[in-house]
Amino acid sequence: MSTERITRSAAGKVVVVTGGARGIGRAVASALADAGAVVALGDIDASTVASTGTEIGAATARHLDVTDPASFTSFLAEVEKTCGPIDVLINNAGIMPVGRFTEETDEITRRILDINVYGVILGTKLVLPKFLARGRGHVVNMASMAGENPTPGMATYCASKQAVLSFTETMRLEHRGTGVRFSAVLPTFTRTEMITGTRAPRALLAEPADVAAAVTALIARPRRRVSVTRTAGVLAAFNKLTPRP
Ligand code: NAD
C-alpha cells in the first residue's frame, strides 16, 4: 500500500479508543480494526474490555480509568510498547446519568464532569507533546448533539458535552499549522446501554455502527466535526417526552 493510501485511511494507524468495552467505543474500535487499524482499547471495566478486545481483534485491551492521571499515563505507555507510536486518540469514555437536576447528588455531578470533561482534557494533554514532536496525530473527542441542544433531564451532561466541543475547537485553533488534528463527533441518541432506561424513543435512535462509520471516515479524512443523525427531529421528539420541572 502506498504512503498516500495509508494516510488517507485508518489502515496501519495505531488508534486508542477509551471506553472501548461496549457501546459506541466497541463499535468504533471494531470498525477500525476491520479497516486495518492497530486498535488499543481502554476501559474502566477490565473484564469486559479484555473480552471485547479478543472478539474484535484489538492489538491490546487493558484497564483504564480516564479520570486517573497515573492510570492514563501507564495505559498509554503500555500501548506504545505493544503497538508503537500512537496516531489517533479517541476520547470516547463517558457517562450520562439522567434525572431532574434538583435530585442530582454532588457525587454524580462531579463524576459526570470528571469522566466526560476532565478525562478528555487529560487524554489530550498526555498524547499532545508526542503528537507535536512528530508533527502529526489526531485527537477525536466524543461530544454529543446534546452539547448543542439543551435537553431537560440532562443538564450536567449537556454542559459537559458543550465543554468538550469548546475544548476541541480551542485545541484546533491553538495548534493550527502543527500537523496535529482535532475533531469532535456529535452523535444523536444512539442505541447503547447508556440510554437504557431513558425516555429516548427506540425508533428514533441511531445505531453504534452509524457512529463507527462516521468515525472511520473522519480518521481517513480529518474534519473539524461530524454529526451523526439518523433521523431528523430526534431531539425535538426527546424533548417532548422528557418531563419539564
Ligand atoms: P456506554 O455506557 O455504552 O459505554 C461507555 C463506556 O465507557 C463503558 O464501557 C464504560 O465502562 C466506559 N467508562 C466509563 N467510565 C470510564 C472511565 N472513568 N474510564 C474509562 N472508561 C470508562 O455509552 P455509549 O453510549 O457507548 O457512549 C460512548 C460515548 O458516546 C460517551 O462519551 C457518550 O457521552 C457519547 N454519546 C452517546 C450517545 C448515546 O445516545 N448513546 C449519544 C451521543 C454521545
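We did not get these values from a lab; they are worked out from the coordinates using the rules stated. Computed from a prediction, not measured in an experiment: that's the story for all the values here. Cβ coordinates were reconstructed from backbone atoms using ideal geometry, including for glycine residues, and neighbour counts include every protein chain displayed.
Candidates VAL28, VAL14, VAL79: the one that is of a type outside the set (S, T, N, Q), within 11 Å of the ligand (Cβ to nearest atom) and buried (at least 17 other Cβ atoms within 10 Å of the Cβ) is VAL28. For segment 18-44, the set of residues classified as touching a Lys or Arg at 6+ places or on another chain (Cβ under 8 Å) and more than 17 Å from ASN91 (Cβ to Cβ) consists of VAL38 only.
Taken over segment 74-110, the criterion of being under 18 Å from the mean Cα position of the chain (by Cα), of a type in the set (Val, Ile, Thr) and not in a loop (DSSP other than H, G, I, E, B) is satisfied by VAL79, VAL88, ILE90. Every condition in (1) of a type in the set (S, T, N, Q); (2) touching a residue at least 60 places away in the same chain (Cβ under 8 Å); (3) surrounded by fewer than 16 Cβ atoms within 10 Å (Cβ to Cβ) holds for THR151 except the one numbered (3). Would you confirm, using the coordinates I've provided, whether LEU132 is surrounded by fewer than 21 Cβ atoms within 10 Å (Cβ to Cβ), assigned to a helix (DSSP H, G or I) and in contact with a helix residue (DSSP H, G or I) (Cβ under 9 Å, 6 or more places away or on another chain)? So LEU132 fails the test.
Out of THR170, THR192, THR178, one residue alone is within 24 Å of VAL88 (Cβ to Cβ) and crowded, with 20+ Cβ neighbours inside 10 Å. It is THR192.
Results for (1) among the basic types (Lys, Arg); (2) within 27 Å of PRO97 (Cβ to Cβ), shown as yes or no for each residue.
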{"residue": "GLY135", "(1), (2)": "no, no"}
{"residue": "ALA143", "(1), (2)": "no, yes"}
{"residue": "ASN149", "(1), (2)": "no, yes"}
{"residue": "TYR157", "(1), (2)": "no, yes"}
{"residue": "LYS161", "(1), (2)": "yes, yes"}
{"residue": "THR190", "(1), (2)": "no, yes"}
{"residue": "MET194", "(1), (2)": "no, yes"}
{"residue": "GLU207", "(1), (2)": "no, yes"}
